[in-house]
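Below is one structure, written out as structure tokens; the observations come after it.
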Amino acid sequence: MKLFKTLFTLTIFSILVYSCSSDDGNTNENDQLANEQNQLEEAPVPIANLNSDIFIEGASKNQGTPPAPNSNINLEIGSDKAEAFQSSGFNLKFSTSETNIAGAYLLFKDSDNNNASDYFDIPVSSLQTNKSVNTKGKKSLKKNLLSKSNSLIDGEYEIDVDFTDAFPPGKFCADLCIYDEQNNISQIVTVCIEVEAWGGNAAIAGEWIFDRYEDDAIEQTEVVCENEETLTVDYNLEEELAWTLVLSEDGNYYETYKGFDKELNIEATRNSCTAVYENKDDEDIKYSGNWAYNEDKKTLTIIDFKFEDFLSPTNNITYENGSIYFDGENVTASIISGELVIKDTFTELDKTYTDTYIFKKK
């Protein structure tokens, strides 16, 4: 018995030493990866990329610089900084109190203030107005997360700026002005953009298995029973649906959903006044794309470029310029007690919610 205790103590000590040294190694690896990413993101984007690798759907590209401002029509931006992503681009949001806006001019320039050879003339018909910012549909397991995109309000507009695959991480700027139907041109506002490098956090890289929800992520509903009692129950049970999230250190990502979930049978629940569930169709699907981590804000962005349905391949989709999944503005990711904790904070009807998703490493 004494020998067993001694061996047990030595084993525990070895595990603790190994754990500490492993943590230190992971910290060093993460610091190195973050430094490499920061160097890429701090580099100026070459003017050649600004000339060749940006496009805006519906806009015309004209040589030279836009017409000079000639009025003080209202133009406001929420921030003079924006975040962009390789192979995807960024959305540039602005607002105005003017009601007869006809379009916008956008001129890109490098970090040394050298203008691109052409500027974009974007008609109002190509500006996103009063529509969902998130281009992604719902995913089966995360119904709440993907359905809570904020819409633009009256007076807000958004320019969808896309990149080719050749666009590098780094920094550049853009001069924006708007014009109305009488050709009044606003004063220029300047926005500087940082294109995130893919990846950037070795700590969250790995293969993760969804374990549980917390807080507002559990979707519940109230059912009024036949006996007039009120029952609050989960709308879905997902024990049979496996969600795997894989984040590679190089910035590639994929996630899979396999199995089935159970959906509340409202009529049967109402009759019995007990939660009754029925199986939904089997799923075997995969999303793949890239991820980026902002070290300063501790936020996670994931962009999908491909969807595969292995049971119904005719549903397969390729998102040419990417489809935003985690938006990088309101989604944080961190390792807590060895678990990956992803939190999404959003506002609906002037109330703020936080959905928390917790994964265990495979």
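The table below lists the values:
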item	result
Length added when fully stretched, R212-E320, from 0.36 nm per residue minus Cα-Cα	35.7 nm
Net charge of Cβ neighbours under 13 Å - reference L107; Lys, Arg +1; Asp, Glu -1	-2
Packing-based order for 171-181, 258-268, 272-282, using average beta carbon neighbours within 10 Å, highest first	171-181, 258-268, 272-282
Neighbourhood charge, 10 Å Cβ-Cβ cut-off, centred on V195 and excluding it, Lys, Arg +1 and Asp, Glu -1	-3
Cross-link partners of K258 among aspartates and glutamates (Cα-Cα below 14 Å; sequence separation of 8 or more within a chain)	E238, E239, E240, D281, D282, E283, D284, E308, D309
Extension gain (nm, one decimal) between E348 and C192, 0.36 nm per residue minus Cα-Cα	53.2 nm
Size of charge dipole - the stretch 164-270 - debye, nearest 20, with Cβ of Lys, Arg +1 and Asp, Glu -1, no other charges	580
Stokes-Einstein diffusion coefficient of the stretch 285-362, Kirkwood radius over Cα pairs, 4 °C, 1.567 mPa s, in µm²/s	91
Flagged links, alpha-carbon separation over 22 Å, of K171/K297; K171/K286; K262/K361	K171/K286; K262/K361
Cut-off 20 Å (backbone N to label point 7 Å along Cα→Cβ of N115), residues of the stretch 172-200	172-180, 183-193
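The numbers here are math on the coordinates, done by the rules we state, and not lab data. Remember, predicted model here, so these are calculated numbers, not experimental data. Please note: Cβ atoms are built from the backbone with ideal geometry, for glycine as well, and neighbour counts cover all protein chains shown.
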